[in-house]
1. Compare the Cα positions of Ile208, Leu189, Phe277 along the charge dipole of segment 90-378 (+1 at Cβ of Lys, Arg; -1 at Cβ of Asp, Glu; about the Cα centre) and return the one farthest towards the positive end.
2. Where both residues lie in segment 163-314, what percent of DSSP beta bridges are antiparallel, nearest 5?
3. By the scheme Lys and Arg +1, Asp and Glu -1, what is the net charge of all other residues having a beta-carbon under 11 Å from that of Leu341?
4. How much of the calculated P(r) for segment 109-262 lies past 28 Å, in percent of all Cα pairs?
5. Could you tally the net charge around Ala232, taking each other residue with its Cβ under 11 Å from the Cβ of Ala232, Lys/Arg +1 and Asp/Glu -1?
6. Gain in length, Arg303 to Thr261, computed as 0.36 nm per residue apart minus the alpha-carbon separation, to one decimal in nm?
7. Out of segment 135-210, which chymotrypsin sites (Phe, Trp or Tyr not before Pro) are coil in DSSP terms and have no more than 16 other C-beta atoms within 10 Å?
8. Quick one: go through segment 265-289 and flag any residue whose amide nitrogen is under 15 Å from the point 7 Å out along the Cα-to-Cβ line of Thr244.
Amino acid sequence: LCIFCLMVPTPRSLRSRRPASASATAVLSEKQQQAAAAPSAAKRQIKADTKKTVPDKKKARKQKQQAASAASPQPPMQRKLQPDLLLLGAHVSVAGGLHRAFANARAIGADSLALFVRNQRRWESKPLLPEEAAEFQSAMRSSGFKPEAALPHGSYLINCASPNAEVRRRSLTALIDEMDRCRRLGLQLYNLHPGSAGAANPDRPVAIERLADALAEALTTVPDVCLVLENAAGQGGSLGGSFTELGDILTAVRGRLPAATDADSRLGVCIDTCHAFAYGYDLRCRAGLDAAFAELAEALGHRPLLRGLHLNDSRGGLGSRVDRHADIGDGQLGAAAFRLLLRHPAVTAAAAARPLPMVLETPGVDRYGLQLAALRDLLRDPDEEGDGRE
């Protein structure tokens, strides 16, 4: 051995353990020897009994809050939603078959999910077979997911607002096909980007008319599926960046539906946090959230049309018009913004009224489980019980 090796102390974990000498064993009391020889199960029981004597502060606090709530109940719309009632989830892979979506969602601890019901980057796709639909519905039931906890995402190619007639034709065909797949799979929602009016001198009002014509036709053709429009980041000629314009689109579609149609059950919106922040809505403070949701409520005619949330941090800054998602807490929004968002009365009221899927679309797909756990921790943190105003 070199002199350096002799000078380096051996880590405790690597030192050999010598057996106790007879004299050392002899001084152990009879009770100590019995405890040392006690089975591990008995030791665990002793430890559990000891724990029972330690006051559970969190449990006591929760019981106190429940007693206070029972004594002075709040109106349903103002109650704080419990974290375990929030349908937090993520966009999951369907590699190996559509039915795999549910197992993939459960593997990351998700209570909701998004998925593509066909290839999202091709116009053509193989037909959905009856046995595939049956297998999907069976997997949904066995995994414990309800249809309203799924928010399928539309193809990126679909642009029913395009000035190009051929693109519009192919888009409408794909839209009807994807909505019909949702119906056959037993799903209730279908999430779609409004599309783009075109980058070169776009005529937005005319584009909205084109879009509304196509969406109304799709809704009339395919029953029982709610079309959920997503806000845009505002890049290029994209439509629906402002909540007001998103409302204008829904109003135009509503006016084209048959009079007997229950439009509130067929139309909805999904708010993407990255897109909203990039467009210019400051979701980092309570005042900014209040203003954003007030505009949304006004644009929707105060109808309960919020049907989903896409929870994404933003690489771009406020008003950057850059659609670049980031993991929760790794972007310009920051983790605290999501605590405020998920506790906001507009969100809790929507989630209390009916299932509201809230899904991650962040780049860290392999960290979805960790991000969902972090969001739940933010909601359960007892040190942040204020109203969130800044």
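The values are calculated or read from the model by the stated rules, or taken from the named source; none is laboratory data. Because the structure is a prediction, the values reported are computed rather than measured. Neighbour counts run over all protein chains shown; Cβ positions are idealised from the backbone, glycine included. The protein model used for the area step is the full one, side chains on, heavy atoms only, and it has no ligands, DNA or RNA in it. Shrake-Rupley method; radii C 1.70, N 1.55, O 1.52, S 1.80 Å.
1. Leu189
2. On the way: 1 of 13 bridges.
Here the antiparallel bridges make up roughly 10 percent for segment 163-314.
3. Details: positive: Arg284, Arg286, Arg339, Arg343; negative: none.
Net charge in that neighbourhood comes out at +4.
4. Values: 2455 of 11781 pairs.
In whole percent, the long-distance tail amounts to 21.
5. Numbers: positive: Arg321; negative: Glu230, Glu245, Asp272, Asp323.
In short, -3.
6. Details: separation 42, 0.36 × 42 = 15.12 nm, distance 1.55 nm.
This chain segment gains 13.6 nm when fully extended.
7. Numbers: sites: Phe136, Phe145, Tyr156, Tyr190; in loops: Phe145, Tyr156.
Of the chymotrypsin sites (Phe, Trp or Tyr not before Pro), the ones in loops of segment 135-210 whose Cβ has at most 16 other Cβ atoms within 10 Å are Tyr156.
8. 280-281
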